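The values are calculated or read from the model by the stated rules, or taken from the named source; none is laboratory data. Treat the numbers as computed from the prediction; the structure is a model and nothing was measured. Methodologically, a virtual Cβ is constructed for each residue, glycine included, from the backbone with ideal geometry; neighbour enumeration extends over all protein chains shown. Side chains are part of the model used for accessible areas, which takes the heavy atoms of the whole protein and leaves out ligands, DNA and RNA. Shrake-Rupley method; radii C 1.70, N 1.55, O 1.52, S 1.80 Å.
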Amino acid sequence: MFALLLILVLVLFGVGFLNPIWWVVAAVLVFGTTRYGRGGGGGRGRSSDLGQYRDYQERRDRQERWDRRYNRQHRARWRREDRRDREHGR
């Protein structure tokens, strides 16, 4: 995808020698892709940080739910094993 974009910009720049409006089009295309494109260098800002924080929250909440579920399901078995260990240890 990046290669196609680069080729398009170079073609528009080359055609700009015939009509300078194509230089403007090439500049707008480069600006738009870096500012608003996915993973663009200039487009990183608060919205990207917010998205990363939401991903972090989602992973953390999923882990907490898994931990609670796992602990609840196996708590009685662990208590039985602990009692057996204490009885056999005496």
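Residue pairs whose Cβ atoms lie under 7 Å apart, sitting 6 or more positions apart in sequence or on different chains, and linking a residue in the range 8-31 that is among the β-branched types (Val, Ile, Thr) to a partner that is outside any loop (DSSP other than H, G, I, E, B) and open to solvent by 80 Å² or more (accessible area, probe 1.4 Å), are Val15/Trp22.
State whether the residues of the range 70-90 include one that is open to solvent by 100 Å² or more (accessible area, probe 1.4 Å), among the polar types (S, T, N, Q), part of a helix (DSSP H, G or I) and modelled with pLDDT of 85 or more.
Start the filter on the range 70-90 by keeping residues that are open to solvent by 100 Å² or more (accessible area, probe 1.4 Å), which leaves 72-73, 75, 79-80, 83-88, 90.
Narrowing the set further to residues that are among the polar types (S, T, N, Q) leaves 73.
If we keep only those that are part of a helix (DSSP H, G or I) as well, we get 73.
Adding the requirement that they be modelled with pLDDT of 85 or more leaves none.
Within the range 70-90 (the criterion being open to solvent by 100 Å² or more (accessible area, probe 1.4 Å), among the polar types (S, T, N, Q), part of a helix (DSSP H, G or I) and modelled with pLDDT of 85 or more), the answer is no, since none of the residues qualifies.
Is it the case that the range 24-36 has a residue that's surrounded by 10 or more Cβ atoms within 10 Å (Cβ to Cβ), outside any helix (DSSP H, G or I) and modelled with pLDDT of 85 or more?
No: zero hits.
Just checking, does the range 44-63 include any residue being at pLDDT below 90, open to solvent by 90 Å² or more (accessible area, probe 1.4 Å), part of a helix (DSSP H, G or I) and closer than 18 Å to Phe2 by Cβ? No, every residue in the range 44-63 fails to be at pLDDT below 90, open to solvent by 90 Å² or more (accessible area, probe 1.4 Å), part of a helix (DSSP H, G or I) and closer than 18 Å to Phe2 by Cβ.
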